[in-house]
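Before any comments, here is the structure.
FYI, it's all coordinate maths here, none of it is from the lab. None of the values given here were measured: they were computed from a predicted structure. With ideal geometry, Cβ positions are generated from the backbone for all residues, glycine too; neighbour counts draw on all protein chains shown.
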Amino acid sequence: MLPFAAVFLDFNLPNATTWFYFSLMMAVGLFFKFNRFFSIRNWDVLSLYLLVPGFLFLQEAERLQRNAGNPDTTHNLQLYGYIWLMAGSVCFLTRCLLDLTLVRRPALWPNLNLPGLAWFSGAMFICMVPVAIRMPPELQMPGGNTTAGMKILSEGSSQTVEGVQSLTGNEARNAALTRFWVERLLALACHLAVGTALVLIGAMHFQSTTSGMAAATLYLLLPYTAYEVGQAHHVVPTALLLWALYCYRRPGLSGILLGVAAGTFFFPALTLPIWVNFYRNRGARRFLCFFLISAGLSLGLTGLVLWWDGQFARSMQLLIKMPEWQSWKMTGQSNSIWSGIHGAYRLPVFVLYLAFVILTGFWPAPKNLAHLISLSAAVLIGIQFWYADQGGVYVLWYLPLLVLMIFRPNLSDRFPPPPKPLPNWPFRLLRRLYKGIMRQIEPPAPATKV
């Protein structure tokens, strides 16, 4: 039976270029509106593939670097790739800002019905499992630096798996292999969480399950998801941010999810001005309180684990010395468009980006759900321009938000609900307790009038 089984199990993954072409053809067939050729939906579907040539340049440079190729050719390919990614990010940022002016959104349904989209998205996710497990070398991308919280999560999960294996009598022979499985399974779980959140946002907030399923299908179909399917630190903050969007009618729960994302990965904290202005007079204090508590607990837990392992001082020194996030320092020979460029050229970009982040806390006002989606995507895209650790590669940070922006209907009436008044029974109880205490403290009145 083994020879016959090998016939059906000899499944070979396509290379990056082949998947780019097949993905583009399938996306056009599923979502392109041929009867409205010049609609903005068609432009959005095609523009999502703008960054793929940049990824192909970087993958070819990575392959030449592994095979000890010509250093000049490798450097030129990396430079072309990062320039292409920056140019595509400018287009995405422009589209996000343009979305603030789009009010009328016609209902453009995909070319496949809801059951077909559900089957297609499920099949795409199942196909992602062998991609994550059997990632060929020509598809692997450098993932950039991860955070201390992500390292703790990965190493802690790996130690748990190794402990279970030792209890069952199967010693872990290779810690790197265990860590590989934990990271890939975590990444797949987060991709599933992203797809589920897209479907639920479409069903609950867009009032269209078909739009949510179309968004999940397009997210799984885009090449970036396959190229970075094993990069857990790219997709974990996105999953938390999407679920915070889904729970936007509950400010406390959204604050907890965004606080965990910000305390673990830092960069989601840059969307805080947007959220606070979104909840203005509608639960902003509750959201901010839960955000600060969850972010503080996340940072405190990370610092406690690092201190317990004796790595707190070393991690803080590395964080302080990292020039990738400090725009006033030269980046050296890091993989970025800013490689070897003096910080004086990167600092104005960072100042301009910081001014934009501050502006999002005031404009536009009031914000609805459409503004929240487009401005959050714009803020995360803007990080790519000044962050010197492979800037432009972190597409999965904002890709689901772009997909939601494409399929969203008119959301001008989607505002947070007015905050519910706090129950008054605790105040009545405190008032009675206060009166009882004062009754015991006050001296008794004299029996006769003097």
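Table for the structure above
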quantity: Calculated from backbone phi, Karplus (6.51, -1.76, 1.60) coupling profile of the range 228-242 in Hz, x at Gly/Pro; calculated: 10, 5, x, 8, 5, 6, 7, 10, 4, x, 5, 4, 5, 5, 5
quantity: Segment Val349-Trp181, extension gain: residue separation times 0.36 nm, minus the distance between their alpha carbons; calculated: 56.6 nm
quantity: Projected label distance in nm at Gln207 and Arg432, using a 7 Å step from Cα toward the beta-carbon; calculated: 4.6 nm
quantity: Alpha-carbon centroids, the range 332-363 and the range 384-408: separation in whole Å; calculated: 16 Å
quantity: Summed side-chain charge close to Ser374 - residues other than Ser374 whose Cβ falls under 15 Å, Lys, Arg +1, Asp, Glu -1; calculated: +3
quantity: Neighbour-count ranking [beta-carbon atoms within 10 angstrom, fewest first] of Tyr345, Tyr398, Tyr224; calculated: Tyr345, Tyr224, Tyr398
quantity: Spacing of the two label points (7 Å from each Cα toward its C-beta) at Leu114 and Ile341, in nm; calculated: 4.8 nm
quantity: Sites Arg36 and Asp72 - FRET efficiency at Förster radius 45 Å, r taken between beta-carbons, to 0.05; calculated: 0.40
quantity: Spin-label pair Cys127/Ala269, simplified geometry with 7 Å Cα→Cβ offset, distance in nm; calculated: 4.0 nm
quantity: The range 103-122 and the range 259-291: distance between their alpha carbon centers, rounded to Å; calculated: 31 Å
quantity: Exposure proxy ranking, count of Cβ atoms within 10 Å, fewest first, for Asp413, Asp309, Asp44; calculated: Asp413, Asp309, Asp44
